[in-house]
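First comes the structure, then the notes that go with it.
Derivation of every value follows stated rules applied to the coordinates shown; laboratory data play no part. Note that the structure is a prediction, hence the values are computed from the model and not measured. For neighbour counting, all protein chains shown are included, and Cβ atoms are generated from backbone atoms with ideal geometry for every residue, glycine included.
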Amino acid sequence: MKRAVLNQGACLSSPSPLAGEGWGGGYAATSAHVASPPSRPAAPVDLPRKGGGEGSKRGDIVIAAVALSADPSGALYWPEHGLLAVADLHLEKGSSYAARGQFLPPYDTAATLARLGRLIAHYAPRCVVALGDSFHDCGGPTRLSAADRDSLHGLQRGRDWIWITGNHDPEPAAGIGGVFQDTLTLGALTFRHLPTGASGDVCGHLHPVARISQRGRAVRRRCFAADGTRMVMPAFGAFTGGLNVRSAAFADLFGTLAFTAHMLGEDRLYAFHARRCLAD
Amino acid sequence: MSPPKPPDLLPDIFTRWFAGRGWEPRAHQLKLLAKARQGRSVLLIAPTGGGKTLAGFLPTLVELSERKRDSLPRLRGRVREGDDIGTGQIPPPAALRAATSPASGGGEGKGGLHTLYISPLKALAVDIARNLETPVREMGLPIRLETRTGDTPASKRMRQRRDPPDILLTTPEQLALLLATADAPFLFGTLKRVVLDELHSLTTSKRGDLLSLGLARLFALVPGLTTVGLSATVAEPHELCRFLVPQPLDGENAADLVIAQAGAQPQVTMLDTEARLPWAGHSARHALTEIYDLIKRHTTTLVFVNTRSQTEFMFQELWRVNDDNLAIALHHGSLDVAQRRKVEDAMTAGKLRAVVCTSSLDLGVDWGDVDLVINIGAPKGSSRLMQRVGRSNHRLDEPSKAVLVPANRFEVLECSAAIDAVADNAQDTPPLRTGALDVLCQHVLGRACGEPFLSDELFAEVRAAAPYATLTRADFDAAVDFVATGGYALKAYERFAKIRQGKDGKWRVTHPRVAQRYRMNVGTIVEADMLKVRLVRSRRNTSMIPRGGRLLGQVEEYFVEMLSVGDTFVFAGEILKYEALVEDEVYVSRSTATDPKVPAYEGGKFPLSTYLAARVRGILADPRAWRALPDQVREWLEIQQWRSLLPPAGDLLVETFPRAAKYYLVCYPFEGRLAHQTLGMLLTRRLERLRMKPLGFVANEYALAVWGVGDLGLRIARGELSLSALFDEDMLGDDLEEWLAESALMKRTFRSCAIIAGLIERRFPGEEKSRRQLTISTDLVYDVLRKHQPDHILLRAARADAATGLLDIKRLGEMLSRVRGRIVHKALDHVTPLAVPVLLEIGRETVYGEAADALLAEAADELIKEAMS
């Protein structure tokens, strides 16, 4: 069991601030349960992990010759520019469903912002880029609770905040700070919502997840899908589901299966060639 | 007390009908009739073939025949004895005036719905309707009876609401739907009686909860309503008697009990195989030719197995040795309906020599002339076995005949215990459920769809249902709050409320759409996600997926998840190759493989009953009882006693020993696989915390084995590890809590609750989609809810389910409490005979104890090795 070590201003190679949150596409591992009494320390146990070899060096993904640090929480950090990117927050998805009669817990926005907050505290980025579909629908920003709005403004304080427009939130909205852009190009990279396949694309929209099977058990996780030229980031929002990387959409984008799925683990990424991944 | 004389009770026309068939009314039929005529509710417990159904309907038929004689009989159907009508108490001619009713629907519906019959299976409702038509027709009774199931056309359903038949045969779900309409008071206003068939099977699930709430509603709508429950023998008939009547605020109320005379004592024996008894596994392949010989020597044999995969396997194997080309068929719930019907029809027509089946054939329907039941594998429970045995030989005066075929050594013990239990007629059906909160939520919405309600009134009404007799007001209010706005502490959804309280204090639905969606999602059966299996041609050297082909049936999604393209498995009696997954269909082709890769299935849905488990422990502890066992098994136990020991019945034996560079801890609680798996999860957690480095565990019905790299025996000997601390009940506190956070089983449990309660809808108007297409995953909802509102009503509902369901926590708790201070440790240098079966499960069964991340790491490392070598 691992617990988050919140390490303010730590260097980039330190463990993710979200390690141990079990944030993995619903296949959560450990989590600090509310009912656990504080008396029993959550001591990390020295379990011999099967293998535990080198794997892909944690977090390093190169796109168009730019080295990016991929966080196991699903965020991307570009040290050179102090830029933190997250995709598909889908804030206010719960209330969007509620309006249609399915009362999903109204805690998704708070949960997503809290996770984002821990990342921001850890990386202290100069700029945050939300890669579109930041709100589940156009009415989302107006349904934002006062508390969530405050915490959003708190996160934005002292840094640039760029809302890339997405198909769920094509229009700029009032009251949520930041600036609105369709794309952001920085050096060799272009941050946008919809994948175009162009070199240097860092995009969202597809919510990639990968599934592998080991010893008769299938593990399905969110993942970064990348082939050295372009990347699709995993969805970050609390209620965001996923699309299997073996779906046609990915083949269309990358052409064949020549890409890697970097699956989100508890405290590191696990890289698998797309051919090794299973369809749903 | 002698039963009342027939002439007092039974109108002549009935007496003559019985006589005409060469029958005499049975004592229990008359007893039930007498009680019903006094206005009592009755539970009838009778063996299969005891004329149970007729008994249940007799009061209704008699009453209706009299009612009709009081009005103008307008007979329908072929009336052969029409002259006889009215020879009893001759009605005054004035009464004849009353019956000039409109011709629609036969004109006899004027009296309104008289009796509602509810069965767990729609096939049973249809079957019973057919059987009931015979006496109605032969006696010329002017009674209209109709069925109403999911298959009934909408136009007919609509008509039934306006112009109900005298007797309506239906299912719990249809009752809920009928109650959720504004017509309910009209429709049920005339109701006199509800007949509940196979009550013992209905009350063990959430369907029983839903039914109990529907009944409570009926009691409120129709004061004076009575019920007749029909049941196989159960351990606690009194609980079913309570189920049948409204419970008062204080104390309790119960229906009268009528018990039919038991049939002849069944002949149950264990197959004394010539072959070597397997140490593990469930296939019973060793006894194949002996099973085949039994089939050959009998007219019609039912071969019961415990899982669908075993039916497939046994069917395949039997045909492999079927040199005489006996008509042997296959029947399980996942087969395509058309295919099932074909088997059922052939069975009724007496064309089959044997059917290999699961519990899909456990219930109700009469299958003709079965003269032998073979039960393969563990009987699991004594009542369950008796019900299966009862499928053979429906003539009460002759004994049913059954042969048990244990598939491994432990099952020999279980079979032996079960045979003793049958001889003692010992029942071990589960106790009455406590009503589930998710079902209550569904019912609350249904009530609002029917008629606006006051909280106080509905609370009182719900408490009248026996499973909800102890419901607290707080839980009830939480359910109403959940239905209204989701039940969240953060009141964010008021403006989207589904039900709202008016100025009159009554809750009503806010929009007709809400009621429409309720109707599409009613019911408590949440199937595992199923995928259709379609037979296609094999693809050859091409990536083109062949299309078309016929449907073979359905398999669980989780099963398909384990398959890779090209894997072979057995389904619908054939060896199939997995070709592709296309939307919700699994494409398969016929395989030429002779040895399918039959993957590890879950052993069986039902865990060994607590009662049989105790009997098995009793046999183990008592060497004198071993004399009745086959030689090989006795020998096995004797060596165990010599090598290690066999503990007294109340003790828990824990063995530790090294084997192949690993150290094992094996214990034998005999509490069923589910409870053992939970125990395994919790034990490995504790061992991890104690830095004992567990690596994994495997569980079967009888034992649990945990292994690791550290010498557990040594640590115990040194006093560094205390077994009583390790097995302490407090593991059901924090350790359980932590594990529940990530348990896939718990998430599955939560998903069912979320769907039943209506948080997640399975269907939207106009589109019927499976979960694969649902855009929101209940796993994500579970994670978020657990973190932000751990006492939410759905989490509480899921916990309550986990206690008895997939995690069987309740049973584990009882076991831990039972063995406190009674743990016997044996440190050994060698694997013991008793431990062999569970260790053999490694590799066959899923090995637990490793987090998903460890699997990812392992998979990633394998790739590296591959790349580097």
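Less than 5 angstrom separates the built amide H of B:V586 from those of B:K532, B:V533, B:R534, all sequence-distant by 5 or more or on a different chain. Over the C-alpha atoms of the range B:576-726, the Rg to Rh ratio, Rh being the Kirkwood estimate, stands at 1.09. Please say if the range A:105-168 is rounded, prolate or oblate, where rounded means a/c under 1.5 for a ≥ b ≥ c the square roots of the C-alpha gyration tensor eigenvalues, and otherwise the choice is prolate for a/b larger than b/c and oblate otherwise? Cα axes put the range A:105-168 in the oblate bin. Legend: mean number of C-beta atoms from other chains within 10 angstrom of residue C-beta atoms, peptide B:490-498, equals 5.
What is the order of B:H298, A:H207, fewest Cβ neighbours within 10 Å to most?
So the residues, fewest neighbours to most, are B:H298, A:H207.
Charged neighbours of B:S231, selected by a Cβ distance under 10 Å, balance to -1 (K, R count +1; D, E count -1).
Rounded, prolate or oblate: which fits the range A:65-118 when a ≥ b ≥ c are the square roots of the eigenvalues of the alpha-carbon gyration tensor, with rounded for a/c under 1.5 and prolate only if a/b beats b/c? Verdict is prolate for the range A:65-118.
The rule of thumb for compact globular proteins, 2.2 N^0.38 Å, goes into the C-alpha radius of gyration of the range B:267-423 0.96 times. Structure note, pairs B:K380/B:K810; B:K296/B:K351; B:K296/B:K380; B:K35/B:K192: Cα-Cα distances above 21 angstrom occur for B:K296/B:K380.
Rounded if a/c is under 1.5, else prolate if a/b is larger than b/c, else oblate: which is the range B:199-278, with a ≥ b ≥ c the root eigenvalues of its Cα gyration tensor?
Prolate.
Give me the Debye-computed log₁₀ of I(q)/I(0) at q = 0.16 Å⁻¹ for the range A:61-276, equal point scatterers on Cα only, no solvent, two decimals. Once normalised to I(0) and log-transformed, intensities are -1.06. When each of the peptides B:671-684, B:11-24 is scored by how many other beta carbons lie within 10 Å of its residues on average, the order from highest to lowest is B:671-684, B:11-24. For the residues of A:110-122, the average number of beta carbons from a partner chain within 10 Å of their own beta carbon is 1. Note on A:236-249: average number of Cβ atoms from other chains within 10 Å of each residue's Cβ is 2. Once both labels are positioned 7 Å from their Cα atoms along Cα-to-Cβ, the gap between A:R149 and B:K296 label points is 8.4 nm.
Expressed as a fraction of 2.2 N^0.38 Å, the value expected for a compact globular protein of N residues, the C-alpha radius of gyration of the range B:464-512 is 1.30. Beyond 26 Å in Cα-Cα separation lie the following of the pairs B:K122/B:K156; A:K93/B:K506; B:K532/B:K577; B:K206/B:K342: A:K93/B:K506; B:K206/B:K342. All Cα-Cα separations within the range B:259-358 were binned at 5 Å from zero, giving a P(r) of 2, 11, 20, 22, 19, 13, 8, 4, 1, 0, each value a whole percent of the pairs.
Exposure proxy ranking for B:C441, B:C241, B:C753, A:C138, based on other Cβ atoms within 10 angstrom of each Cβ and starting from the fewest, stands as A:C138, B:C241, B:C441, B:C753.
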